[in-house]
1. From Cα pairs below 8 angstrom and at least 6 apart in sequence, can you work out the relative contact order of region 23-105, rounded to a whole percent?
2. As an exercise, identify the chymotrypsin sites (Phe, Trp or Tyr not before Pro) in region 25-69 lying in DSSP coil whose Cβ has no more than 16 other Cβ atoms within 10 Å.
3. Can you find, among GLY32, THR76, ASN92, the residue sitting farthest towards the positive end of the charge dipole of region 23-105, where Lys and Arg contribute +1 and Asp and Glu -1 at Cβ?
4. What list do you get for MET39, MET105 if you sort them by fewest beta carbons within 10 Å?
5. Mind checking the full-extension length gain between GLN80 and LYS108? Use 0.36 nm per residue of separation minus the Cα-Cα distance, one decimal, nm.
6. With charges set only on the Cβ (+1 for Lys and Arg, -1 for Asp and Glu), what does the dipole of region 23-105 come to about its Cα centre, in debye to the nearest 20?
7. I want to make sure I understand the PRE zone here: with the label point 7 angstrom from the Cα of CYS31 toward its beta carbon, which residues in region 69-109 have backbone N atoms less than 11 Å away?
Amino acid sequence: MKRLSICAVLLALLIMVGCEPVTYDAFATVCGTVVDSEMMEPIEGVSVVLSPSGKNIVTKADGCFEFAELDAVQYTITVQKSGYSTNRKTANAIAGETVEISITMDKKQ
């Protein structure tokens, strides 16, 4: 009986050593596109500010932006460009997921 117990313990240890630990992605990504509200075309060179992180990037030719490795909280995305009215949108970042948003901008009159 004692020998059977020792074998069972050794087998359990062997199984645990062979298993890989489960890992979870603790970060989120927020990405999106900034478009002209009238023409629905992407806008290049838009300043995109993420709050509360304070990160700031500029949109590419396709109007896209991306903030990666973010904490899972609610963010406010503020977009600004000369000749356009400032706009804001909120996004709830979820760990392990990518949140995609579209933000429109109105040309100033």
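None of the figures in this text is laboratory data; all of them are computed from the coordinates on show. Owing to the predicted nature of the structure, the values given are computational and were not obtained by experimental measurement. Here the Cβ positions follow ideal geometry from the backbone for every residue, glycine too, while neighbour counts run over all protein chains shown.
1. Here the relative contact order equals 40 percent.
2. For chymotrypsin sites (Phe, Trp or Tyr not before Pro) across region 25-69 that sit outside H, G, I, E and B with at most 16 neighbouring Cβ atoms in 10 Å, the list reads PHE27.
3. After comparing all options, I get THR76.
4. With the sparsest Cβ surroundings first, the list reads MET39, MET105.
5. Answer, rounded to one decimal: 8.9 nm.
6. It works out to roughly 320 debye.
7. Counting only backbone N, you get 98-101.
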